[in-house]
Number of protein chains: 4
Amino acid sequence: MNRKITRQDMADAAEKYKNWGKWGPQDEIGTLNFTQAEDIVAAAQLVRKGKVISLALNFDNNGPQGAKSKYPSMGRINPVHTMLRTGAYSGVLDHRGIRAADDMVVMPLQCGTQWDGLGHVFYENYMWNGYDCREVTSAGAQKCGIEKTKNKMVGRGVFLDVARALGKECLDDGHAITCAELDMTAAKQGIKFKRGDYIIVRTGQMEAKLKAGSWDGYPGGDAPGFSFETLDWIKRTELAALASDTWGCEVRPNESEAGINQPWHWITIPIMGMTMGEIFYLKELAEDCAADGVYEFMFVAPAIPITGAVGSPTNPLAIK
Amino acid sequence: MNRKITRQDMADAAEKYKNWGKWGPQDEIGTLNFTQAEDIVAAAQLVRKGKVISLALNFDNNGPQGAKSKYPSMGRINPVHTMLRTGAYSGVLDHRGIRAADDMVVMPLQCGTQWDGLGHVFYENYMWNGYDCREVTSAGAQKCGIEKTKNKMVGRGVFLDVARALGKECLDDGHAITCAELDMTAAKQGIKFKRGDYIIVRTGQMEAKLKAGSWDGYPGGDAPGFSFETLDWIKRTELAALASDTWGCEVRPNESEAGINQPWHWITIPIMGMTMGEIFYLKELAEDCAADGVYEFMFVAPAIPITGAVGSPTNPLAIK
Amino acid sequence: MNRKITRQDMADAAEKYKNWGKWGPQDEIGTLNFTQAEDIVAAAQLVRKGKVISLALNFDNNGPQGAKSKYPSMGRINPVHTMLRTGAYSGVLDHRGIRAADDMVVMPLQCGTQWDGLGHVFYENYMWNGYDCREVTSAGAQKCGIEKTKNKMVGRGVFLDVARALGKECLDDGHAITCAELDMTAAKQGIKFKRGDYIIVRTGQMEAKLKAGSWDGYPGGDAPGFSFETLDWIKRTELAALASDTWGCEVRPNESEAGINQPWHWITIPIMGMTMGEIFYLKELAEDCAADGVYEFMFVAPAIPITGAVGSPTNPLAIK
Amino acid sequence: MNRKITRQDMADAAEKYKNWGKWGPQDEIGTLNFTQAEDIVAAAQLVRKGKVISLALNFDNNGPQGAKSKYPSMGRINPVHTMLRTGAYSGVLDHRGIRAADDMVVMPLQCGTQWDGLGHVFYENYMWNGYDCREVTSAGAQKCGIEKTKNKMVGRGVFLDVARALGKECLDDGHAITCAELDMTAAKQGIKFKRGDYIIVRTGQMEAKLKAGSWDGYPGGDAPGFSFETLDWIKRTELAALASDTWGCEVRPNESEAGINQPWHWITIPIMGMTMGEIFYLKELAEDCAADGVYEFMFVAPAIPITGAVGSPTNPLAIK
């Protein structure tokens, strides 16, 4: 698209891609419904090496939320981990007759490797399936809370190493990944999509930031990522969820005119009902797939079922 | 054992069950090492129905830490989930050009369905593998942090419904589960243990509390659970990790003399290097296994890799 | 009032006691304006013994929010204090060349001795001075944030020991303090009110709970406290702020019909613009005033200026 | 001092300035003891205009802990303020029959305008008065907790505008304030010190940072501040507490050799027992004192008595 996306374009896209009602008026999990029991059975058959690869960054003070950003963080900080008791506590035994350590975390649920739940982004006054966006009150998401996904996030994982397919270590900031590039990557890797897949796309940006030793620019800054047109590809593939190694999956600067921030999010989450994974760590998976040429695996990435949460940290596992 | 366990008994048990060095002097994950690649491949073959059963309680203010208890909570509270932004935030679009909600959680890592990592309990001055317990500083666990397990917690799950095998809805408080009862349950269920299994044991206590509508007595109170003698069974089965539906896995009141609290923990975690799952929600798994007679499954329960944490909330999945 | 207060009574009271606009349309601090510079100078003259009496409960896990209550706590917990570093940290010197301890607190701002700011309670769709109640967004109070009071909370303190004046250790739960009782107490103590006073009223309830060793029933339970009619007395005295030793200042059970909770709050905070102190610890002040017969003093109780907060913990000082 | 301060110099200073035992072996508040009842009475006489000036920065996400710093923050973050309920919550009345907003804060106690309590810094294995530094456990400061000061922090305030006295808007980073400069400032301002004073010293650094619109360099960076030799002046003046407008009061880079960080802190807090105020906002006080030529006032700056805390946020008031 050569011109900037307008509010009218957004309305048109909302009309075109709307999945509301597809899984009934009570549905709260959207495209996670695409994965059926037989897909899970098939996914398990992909476990051939017995190798488990975590796609999580560790959660700590070195995370991306510590970076300076022009984008307002609005409360997002790196996790704060504190000990309630340590190994030094009270000499040999504490007064309860045991030596033990406990700890606590204070963490924004969007601070690291995470699922964006369906209560995270709204389209105008609506959330997924047409629920009123005011259902996300200060008491939490009364609809589409992340806890509704507690039996989900299991299926066939497909890895698309777009950076590698394009012969780059890292896609450039502002590189808008197209449908054609996604299809080309799949073709190059010899893989076909199936309904209900969990698709994980690598831009290389996180590795570049890690290599540079600074997250500056990562949260809310310019980034490679999905172009608006990939809504078509998402619709066509009937994927369960989509994840990437960037802060926000979609390309930045956005392709939209002023006043429209993250246009792809406006459609994917509330209109299509797509759960989205962000800040996935893909270095080891990329190396493993490049080495064995196998880009599919069993994918298990359970959310922590925090009642009413609009997202969740996760430790996504690729099991090959 | 008819007499109370003494400090000398503890020292003897520490000597007898010690796994220090078994996986080298640098090891930080203990019995999780028992699960090998081939075990993971085999576990995946157990996925036959494509059914995913979450073993997590939701994390919220209705959790067990809100109960009154004579046992000092020492900082353990129910999770506090707060919204950083809601669906009502700032009219139609916020000043960033998007309508979105974010949230935050404050949670002790031992507040709900959880893994006790190897930094959680000490034996005298030592943690697992002989590390100095002072390695768990106020900056977190410098050794055996839960993030070291990020590629683990995948394997064959075996469910032992001891309550059902003994013909009870819920074992009585103070019921000390014996090695014989565990073996009898396995036999009755027609299942055999394999090295590297993740074994999950049901007492029924959590369901009784949920039915009663009150957690009173659950955290730190009397409970059914593993007897001290099951250390033998743990050693023999070479399990990867063990979990249960109670607050603390082992029987309470403890079998030990005054001044020794949670004697089984003293040995399992720091001496044997066994990661332990607590407050697992087993109702649905129990019903499913009773219905299909299949007590084995693929088990995936990744910890959230919070650097230096001595435990982690988890959403454990039984995949059948 | 013999019959229950109705919604119409609320509307009538709102009309009668409304101070909106009294200090201009931009005002955000209400009755704190009553205290003038000369009142502060005069208050300082009351310092004759050089004695400082704190009216704060310590903030810790023994606070009132740990009590069971039928009243939904809605997120209020006791403060959680955790150490970021301790005296045991890292041997002799930490890597920065200093031995030091830091700490952190997680605290609901309404969890202990506190000021209720003017953003805390709404009347229908309005907050103090007619501001839209939606000005209190998830980003905090855009109007009437507690930080607006940072140069206030200094003036003449007047202590009314109503329990003592009525010859009781503690007023009964449900005892509705009347205007006549407040005037009688002042007369008995030989004290007259002046515009801009900070008036502190003792019921004895907190001391009774402390003596009993349990806070059960304190947060949200039955309590002695201000009757609805005291709105008249508040208006007449032109006080700056009012505080008491109970959880919520006003009598409970409330004098209102079903569906109207804390009717006195509905008027005092949003309609009159009165900042309110709750959970004040008055034992030492009561003893001192009884001993020297002096019930007035300099009162200094600064709020912590947390931007956009609807309240603040405070350590109120009576300086005699 | 022209050469770098060594460990031997530290030992000598510790010997020379040690106040341990001066107020008995049980003392936990150190130099706060210097202020006597008559000093408080006299301080109140300084209230002549009825003007209250807050010396606190607001506590929010714009605070100094958000700045990048080479100095490890070790868990210090800006306060995170979140709403538990907002003005938009649940339509007109919530289910409890009231419309109200509540909130919560997560804050390191050293994150803004603050008191460093006597448990904050250690000298070798000791804290103030010779207590073992391990008294500051993960359960908090068992000795010298900030709650021990709850009836203190009231006295005569003396303001030393060193920047102004030296004809500068802001002292240069690395400017080590000498005893002579402090005395000269007092002389120029026509003020004499008295035992038990609360002395507040302005370098202008905070105002420079606020003017620049960036805190970069403020936390842990280079700064003007007290030279090591001012220990002499502290001893001589017998002040109650000392505060400044910088992050850490003392000059940075420090005057010490490598491995000794914040040498002045090593002596002031644990050896002399001096409570210290940091990150005080002095712009308005400076302007007022310059205008009326009065550099003394009543000072009231109560700590929030968080049990076992090693410091506290505060809203310090200068009352003139």
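The values are calculated or read from the model by the stated rules, or taken from the named source; none is laboratory data. Keep in mind it's a predicted model, so treat the numbers as computed, not measured. Note that each Cβ is placed from the backbone with ideal geometry, even for glycine, and that neighbours are counted across all protein chains shown. Ligands, DNA and RNA are excluded from the accessible area calculation, which covers all protein heavy atoms including side chains. Shrake-Rupley method; radii C 1.70, N 1.55, O 1.52, S 1.80 Å.
The number of residues in segment A:115-151 being of a type in the set (D, E, K, R), under 28 Å from A:VAL80 (Cα atoms) and not in a loop (DSSP other than H, G, I, E, B) comes to 3.
On the given criteria, is D:THR230 of a type in the set (Ser, Thr, Tyr), in contact with a helix residue (DSSP H, G or I) (Cβ under 7 Å, 6 or more places away or on another chain), touching a residue at least 12 places away in the same chain (Cβ under 8 Å) and farther than 21 Å from D:ALA165 by Cα? Show your work before the answer.
Working: of a type in the set (Ser, Thr, Tyr): yes; in contact with a helix residue (DSSP H, G or I) (Cβ under 7 Å, 6 or more places away or on another chain): yes; touching a residue at least 12 places away in the same chain (Cβ under 8 Å): yes; farther than 21 Å from D:ALA165 by Cα: no.
So D:THR230 fails the test.
Listed conditions (1) in a loop (DSSP other than H, G, I, E, B); (2) under 18 Å from the mean Cα position of the chain (by Cα) are all met by D:ALA258, apart from (2). Residues that are more than 7 Å from chain D (Cβ to nearest Cβ) and either within 24 Å of A:PRO79 (Cα to Cα) or assigned to a loop (DSSP other than H, G, I, E, B) (or both) within segment C:99-114 comprise C:CYS111, C:GLY112, C:THR113, listed in sequence order. Within segment D:172-192, the set of residues being open to solvent by 50 Å² or more (accessible area, probe 1.4 Å) and assigned to a loop (DSSP other than H, G, I, E, B) comprises D:ASP172, D:ASP173, D:GLY190, D:LYS192.
Which of the residues belonging to segment B:99-110 are out of contact with any His (no Cβ under 9 Å at 6 or more places or on another chain) and modelled with pLDDT of 95 or more?
Across segment B:99-110, the qualifying residue is only B:PRO108.
Within segment C:46-58, residues that are more than 7 Å from chain D (Cβ to nearest Cβ) have Cβ atoms under 6 Å from residues that are open to solvent by less than 20 Å² (accessible area, probe 1.4 Å) and part of a loop (DSSP other than H, G, I, E, B) in these pairs: C:LEU55/C:PHE280; C:LEU55/C:PRO316; C:LEU57/C:GLY112; C:LEU57/C:THR113, counting only partners at least 6 apart in sequence or on another chain. Condition test on A:ARG96, is it at the interface with another protein chain (Cβ under 7 Å from one of its Cβ atoms), more than 30 Å from A:TRP264 (Cα to Cα), modelled with pLDDT of 90 or more and open to solvent by 10 Å² or more (accessible area, probe 1.4 Å)? Answer is no for this residue.
Among the candidates B:GLY117, B:GLY196, the residue that is touching a residue at least 24 places away in the same chain (Cβ under 8 Å), on the phi > 0 side of the Ramachandran plot and within 14 Å of chain A (Cβ to nearest Cβ) is uniquely B:GLY196. Test C:ILE5 against the criterion of being within 30 Å of B:GLY75 (Cα to Cα) and not charged (D, E, K, R), and give yes or no. In short, no.
Residue check: B:ASN61 meets all listed conditions (1) outside any loop (DSSP other than H, G, I, E, B); (2) under 24 Å from the mean Cα position of the chain (by Cα); (3) of a type outside the set (Gly, Ala, Ser) but one, namely (1).
Taking the conditions (1) modelled with pLDDT of 95 or more; (2) β-branched (Val, Ile, Thr); (3) within 29 Å of D:PRO316 (Cα to Cα) in turn, D:ILE77 satisfies each one other than (1).
Each row is one residue, and each column tells you yes or no for (1) part of a strand (DSSP E or B); (2) farther than 22 Å from C:THR237 by Cβ; (3) of a type outside the set (Ser, Thr, Tyr); (4) open to solvent by less than 70 Å² (accessible area, probe 1.4 Å).
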residue: C:ARG3; (1), (2), (3), (4): no, yes, yes, no
residue: C:GLU15; (1), (2), (3), (4): no, no, yes, no
residue: C:ASN19; (1), (2), (3), (4): no, no, yes, yes
residue: C:TRP23; (1), (2), (3), (4): no, no, yes, yes
residue: C:ASP27; (1), (2), (3), (4): no, no, yes, yes
residue: C:LEU32; (1), (2), (3), (4): no, no, yes, yes
residue: C:ASP39; (1), (2), (3), (4): no, no, yes, yes
residue: C:ALA42; (1), (2), (3), (4): no, no, yes, yes
residue: C:LEU57; (1), (2), (3), (4): no, yes, yes, yes
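Among residues belonging to segment D:237-248 that are touching a residue at least 40 places away in the same chain (Cβ under 8 Å) and in a loop (DSSP other than H, G, I, E, B), point out the one that is most open to solvent (accessible area, probe 1.4 Å). Even if it seems obvious, please write down each step before you answer.
Residues of segment D:237-248 that are touching a residue at least 40 places away in the same chain (Cβ under 8 Å), as a first pass: D:237-247.
Now drop any that are not in a loop (DSSP other than H, G, I, E, B), which leaves D:238-240, D:245-247.
Numbers: D:GLU238: 57, D:LEU239: 2, D:ALA240: 0, D:ASP245: 1, D:THR246: 1, D:TRP247: 27 Å².
Filtering segment D:237-248 for residues that are touching a residue at least 40 places away in the same chain (Cβ under 8 Å) and in a loop (DSSP other than H, G, I, E, B), the one most open to solvent (accessible area, probe 1.4 Å) comes out as D:GLU238.
Output the residue which, of all residues in segment D:59-84 that are surrounded by fewer than 18 Cβ atoms within 10 Å (Cβ to Cβ) and of a type in the set (D, E, K, R), is nearest to the other protein chains (Cβ to nearest Cβ). That would be D:LYS68. Selection of first residues in segment B:1-12 that are under 16 Å from B:THR178 (Cβ atoms) and of second residues that are part of a helix (DSSP H, G or I), restricted to Cβ pairs under 6 Å at least 6 apart or on distinct chains, gives the following pairs, ordered by first then second residue: B:ILE5/B:PRO263. Please state which one of A:ASN151, A:ASN129 is at pLDDT 90 or above, at the interface with chain B (Cβ under 9 Å from one of its Cβ atoms) and open to solvent by 10 Å² or more (accessible area, probe 1.4 Å). Going through A:ASN151, A:ASN129 in turn, just one is at pLDDT 90 or above, at the interface with chain B (Cβ under 9 Å from one of its Cβ atoms) and open to solvent by 10 Å² or more (accessible area, probe 1.4 Å): A:ASN151. Among the residues in segment C:262-271, are any buried (at least 24 other Cβ atoms within 10 Å of the Cβ), within 17 Å of the chain's Cα centre (by Cα), within 12 Å of chain D (Cβ to nearest Cβ) and free of Cβ contacts under 8 Å to residues at least 60 places away in the same chain? For segment C:262-271, residues buried (at least 24 other Cβ atoms within 10 Å of the Cβ), within 17 Å of the chain's Cα centre (by Cα), within 12 Å of chain D (Cβ to nearest Cβ) and free of Cβ contacts under 8 Å to residues at least 60 places away in the same chain: present.
Within segment A:161-169, can one find any residue that is assigned to a loop (DSSP other than H, G, I, E, B), in contact (Cβ under 8 Å) with a residue 40 or more places away in the chain and either surrounded by 21 or more Cβ atoms within 10 Å (Cβ to Cβ) or not hydrophobic (A, V, I, L, M, F, W, C) (or both)?
First pass over segment A:161-169, keeping only residues assigned to a loop (DSSP other than H, G, I, E, B): A:166-169.
Remaining after also requiring in contact (Cβ under 8 Å) with a residue 40 or more places away in the chain: none.
Within segment A:161-169 (the criterion being assigned to a loop (DSSP other than H, G, I, E, B), in contact (Cβ under 8 Å) with a residue 40 or more places away in the chain and either surrounded by 21 or more Cβ atoms within 10 Å (Cβ to Cβ) or not hydrophobic (A, V, I, L, M, F, W, C) (or both)), the answer is no, since none of the residues qualifies.
Return a yes/no flag: does segment D:281-295 have any residue that is at the interface with chain C (Cβ under 8 Å from one of its Cβ atoms), in a helix (DSSP H, G or I) and hydrophobic (A, V, I, L, M, F, W, C). Talk me through it step by step, then tell me what you get.
Step one: of segment D:281-295, the residues at the interface with chain C (Cβ under 8 Å from one of its Cβ atoms) are none.
The answer is no, given that none of the residues of segment D:281-295 is at the interface with chain C (Cβ under 8 Å from one of its Cβ atoms), in a helix (DSSP H, G or I) and hydrophobic (A, V, I, L, M, F, W, C).
For segment A:296-320, how many residues meet the condition of being open to solvent by 10 Å² or more (accessible area, probe 1.4 Å) and at the interface with chain B (Cβ under 10 Å from one of its Cβ atoms)?
1
Out of the residues in segment A:206-236 meeting the condition of being open to solvent by less than 10 Å² (accessible area, probe 1.4 Å) and touching a strand residue (DSSP E or B) at 6+ places or on another chain (Cβ under 6 Å), tell me which one is nearest to A:PRO64 (Cα to Cα). If we take residues in segment A:206-236 being open to solvent by less than 10 Å² (accessible area, probe 1.4 Å) and touching a strand residue (DSSP E or B) at 6+ places or on another chain (Cβ under 6 Å), then A:ALA223 is nearest to A:PRO64 (Cα to Cα). B:PRO219 meets the conditions (1) within 14 Å of chain A (Cβ to nearest Cβ); (2) farther than 30 Å from A:ASP60 by Cα; (3) part of a loop (DSSP other than H, G, I, E, B) in every case but one. The failed one is (2).
Give the residue that is nearest to the chain's Cα centre (by Cα), with candidates limited to residues of segment A:238-255 that are more than 16 Å from A:ILE271 (Cβ to Cβ) and among the charged types (D, E, K, R). Break it down stepwise before answering.
Here is the first cut: in segment A:238-255, the residues more than 16 Å from A:ILE271 (Cβ to Cβ) are A:240, A:243-248, A:251-255.
Pick out the ones that are also among the charged types (D, E, K, R) and you get A:245, A:252, A:255.
Numbers: A:ASP245: 8, A:ARG252: 16, A:GLU255: 20 Å.
Here the answer is A:ASP245.
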